[in-house]
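Read the structure below first, then the notes.
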Amino acid sequence: MSLFDDSHLGLRLKVAGLGAALMAANLAAWGWALTAFHGSGVLLGTALLAYGLGLRHAVDADHIAAIDNVTRKLMQEGKQPIGVGFFFALGHSTVVVVAAAAIALTESTLQERYPALVAVGGVIGTGVSAGFLFLIAAINLIVLAGVWRLFRRVRRGGVYAEAELDIFLAQRGLFGRVFRRLFRLVSRSWHMYPLGLLFGLGFDTATEIGLLGISAAQASKGLPVWSILVFPALFSAGMSLIDTTDGVLMLGAYRWAFVNPIRKLYYNLTVTAVSVIVAAAIGGIEALGLVADRFGFEGRVWRAIGAANDQFGALGFAIVGIFVATWAVSFIVYRVKGYDKLNA
């Protein structure tokens with residue numbers, strides 16, 4: 001567990017070790033698939049499909065938003081959280097594997113055998129996802145207001161000490177002090193495991209439904225349970241690879257910003273603003289989609305919300321693009337405006 005202690009010690013070695021472990025897990029999953037299905041091109045093709053579904057599921061909007069926001073939150077607390085994406089994917093994968101195993105044992109889809117359970121899981125999963133993103137948006141909005149005041153003072157020629165920003169980020173104002181215990185729900189990388197577990201209860205995305213369909217179809221054809229579990233294993237391996245990579249890349253980008261005190265202040269200002277918008281928007285889409293689904297609302301607006309919920313993969317790619325663009329524009333503006341010359 002020293003690999004995930006979120007300390008600054010041996011960071012490169014930890015990243016290398018985590019990457020090696022993920023590659024070993026992916027190779028092991030494919031080794032299992034090749035051993036189980038070596039005589040069937042159709043089943044190997046289905047295994048490739050399950051792996052592809054996992055890769056794509058990792059870029060769903062709620063994954064990207066949650067991993068990014070928690071990574072930056074923990075960095076603001078002086079940690080180096082390389083395992084945020086990994087533990088989020090691990091928790092999510094637990095639900096996927098358990099559901100696929102249940103399907104393999106009952107030879108039916110969860111929707112057919114346990115419709116009430118699926119409905120409750122959908123409400124819990126979506127509710128937790130939306131609620132967490134709203135909470136993160138609220139926290140970041142408080143941070144944004146304080147960082148903006150500090151930055152405006154520096155632009156007017158005031159003196160700024162890095163410790164001042166660190167103290168503010170740690171306290172998060174009056175609201176933060178009142179709800180500090182709530183804000184500390186995720187204070188370590190591994191705390192993302194139960195969060196990923198709760199996020200995974202929904203089973204309302206095309207990728208997850210597709211995986212369950214694959215498992216049910218193969219169970220109905222008499223494929224052994226241990227062979228059917230290859231599909232969720234591949235799904236989980238692909239998802240974990242991308243989610244973990246996402247968290248590590250975001251950690252690297254934020255480390256650049258934390259090198260210089262003024263750069264740290266400016267970067268927190270720009271990226272926090274984007275994070276507030278992204279977290280609130282994705283949480284709002286999920287919450288409104290849940291409301292529309294539960295109460296059967298109709299109309300152009302509700303259809304648009306439903307369509308957005310159905311395109312979470314595309315939204316995830318869009319969010320990645322937004323953050324990359326934000327990093328690039330922030331770097332350019334920072335250089336052009338000469339903010340390095342401000343008082344620190």
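The values are calculated or read from the model by the stated rules, or taken from the named source; none is laboratory data. Keep in mind it's a predicted model, so treat the numbers as computed, not measured. So basically every Cβ, Gly included, is an ideal-geometry build from the backbone, and we count neighbours across all protein chains shown. The area values use the complete protein model at the heavy-atom level, side chains included, leaving out ligands, DNA and RNA. Shrake-Rupley method; radii C 1.70, N 1.55, O 1.52, S 1.80 Å.
Among 71-82, 29-40, the peptide with the highest mean count of other Cβ atoms within 10 Å heads the list, and the full ranking is 71-82, 29-40. Dipole check for region 12-84: with +1 at the C-beta of Lys and Arg, -1 at the C-beta of Asp and Glu, and the Cα centre as origin, the magnitude is about 260 Debye. Each Lys and Arg contributes +1 and each Asp and Glu -1, all at the Cβ; summed about the Cα centre of region 42-99, the dipole is approximately 100 debye. Sequentially through region 11-22, phi angles give Karplus couplings (6.51, -1.76, 1.60; θ = phi - 60°) of 4, 4, 5, 5, 4, 4, x, 5, x, 5, 5, 5 Hz, Gly and Pro residues having no value and appearing as x.
Working from label points 7 Å from Cα in the Cα-to-Cβ sense, the Arg149 to Met23 distance is 4.9 nm. Solvent-accessible area of Met239, all protein chains in place: 0 Å² (probe radius 1.4 Å, heavy atoms, ligands and nucleic acids excluded).
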